[in-house]
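As structure tokens, the structure follows; a few thoughts come after it.
Quick note: the coordinates plus some simple rules give every number you see, no bench work behind them. What you are looking at is a predicted structure, and each value in this text was computed from that prediction instead of being measured. Positions of Cβ are backbone-derived with ideal geometry, glycine not excepted, and every protein chain shown enters the neighbour counts.
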Amino acid sequence: MKIFKEKNPVNEDIKVPFVFKLIGSGLFTGFFPIASGTAGSLLGAFIFYIPGFSEPKVMLIAILIGFTAGVFVSELMRKRYGPDPPEIVIDEIVGLWFTYLVATILFDNFFKAKSLDPTTIRPTKVAFTLIGLIVFRFFDIIKLQPARFFDDMDNGYGIMMDDVISGIYAGVITAVLTHFIWFKFLVKFFS
């Protein structure tokens, strides 16, 4: 369990095109000197907060595109920056979106909550976004199986999959925490 990833030696012989670096590093948040995974996750949360992005169909399309691009770009970037380097944060972004997708599906099917669209109930969307971010970062750091299995893979697919698995765990816990902490307790103080 690593809270901060150590930077690997850079292989100067491998060149990564600018667009691939832009995508893989989450608009260069992966180059933050510390906690680049958290910086990338914050970017993912910001994008989630854009009106309309929280629709499950939109999130699913973004996840599929992000995952596919992430596997390819991560594979190239890891050759330059080493195994699962902190410079790659597309995995954190997609994993966080997966957290929000799983939690949203659980809400829609089990909790019968209102829409999480920010134009209707902004404080709930903020609470949901923050809870999801914190829970995802927790699961991304501790890497419960099978996330650890994928994290040990030395390829772009493993880099992406460990965060998707963490996103599944985080999505379930996010839905439960948002329901019980927000809807059952805190919402009355903010409404």
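Prolate is the label for the range 28-185, because the ratio a/c of its alpha-carbon gyration tensor axes (a ≥ b ≥ c) is 1.5 or higher and a/b is greater than b/c. Remark: 110, 53, 150 ranked as 110, 53, 150, counting other beta-carbon atoms within 10 Å and listing the fewest first. Please give the Cα centre distance for the range 49-111 versus the range 19-34, rounded to the nearest Å. The two parts, judged by their Cα centres, are 14 Å apart. For the pair residue 60 and residue 122 in one chain, pulling the backbone fully straight at 0.36 nm per residue adds 20.1 nm over the alpha carbon distance.
Give me the net charge of residue 161's neighbourhood, meaning all other residues with Cβ under 10 Å from the Cβ of residue 161; Lys, Arg count +1, Asp, Glu -1. Its environment carries a net charge of -4.
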